[in-house]
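Asker: Can you keep this structure in mind? I'll have questions shortly.
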Amino acid sequence: MKMAEPVKKKDRKTPVKYELADSDDEEDDTVETRKSVKTAEKALRKRFFINAREKRDYGKAMAEGRISEKQLDFREDDDEELGPVDPSKKAKEAAKKAAKVAALKQKIAERDAPKLTPEQLKEKKKHEHE
């Protein structure tokens, strides 16, 4: 069997970049499903995991004492994610929210800004660079 010829770098397709979804990207149906699972977990006092690795990681975090008492007693909030507490997560979420607010404010400012003629735009840019 003959090996395939190498593909030149310029002829390669660019890989697809996948972004992990977070709670902001979640649809109403999945939110309700998660809440139903959380309700069942609390009622049955049993955790349900997506796969064996998730279950193993949660067990390891429990053994290391990185799971909150509320989670261990099935008293966590309905929207609280399971697993070790990640102190950097709140900072990331706050930064993401601030970026969204800033982008929204920028859109509103652009929408409400008076329309400038091309000459006025040139003059404005000229003053900004000085």
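Asker: Suppose we keep only residues that are outside any loop (DSSP other than H, G, I, E, B) and within 20 Å of Lys96 (Cα to Cα) within region 1-30. Which one would you say is modelled with the lowest pLDDT?
Answerer: Here the residue is Ser23.
Asker: Go through region 108-121 and give me each residue that's within 30 Å of Ala21 (Cα to Cα) and surrounded by 10 or more Cβ atoms within 10 Å (Cβ to Cβ).
Answerer: Residue satisfying the conditions is Ile108 alone.
Asker: Could you grab the pairs with beta carbons closer than 7 Å, sequence gap of 6+ or different chains, first residue in region 34-49 and among the aromatic types (Phe, Trp, Tyr), second one surrounded by 10 or more Cβ atoms within 10 Å (Cβ to Cβ)?
Answerer: Partner pairs satisfying both residue conditions: Phe48/Val37; Phe48/Glu41; Phe49/Lys55; Phe49/Tyr58.
Asker: When you scan region 70-87, do you find a residue that is polar (S, T, N, Q), closer than 16 Å to Arg47 by Cβ, outside any helix (DSSP H, G or I) and modelled with pLDDT of 80 or more, even just one?
Answerer: For region 70-87, residues polar (S, T, N, Q), closer than 16 Å to Arg47 by Cβ, outside any helix (DSSP H, G or I) and modelled with pLDDT of 80 or more: absent.
Asker: In addition: Among the residues of region 7-57, which ones are surrounded by 11 or more Cβ atoms within 10 Å (Cβ to Cβ) and either among the hydroxyl-bearing types (Ser, Thr, Tyr) or more than 22 Å from Gln71 (Cα to Cα) (or both)?
Answerer: Correct list: Ser23, Glu26, Thr30, Thr33, Thr39.
The values are calculated or read from the model by the stated rules, or taken from the named source; none is laboratory data. Treat the numbers as computed from the prediction; the structure is a model and nothing was measured. Don't worry about glycine lacking a Cβ; one is built from the backbone with ideal geometry, like all the others, and counts go over all protein chains shown.
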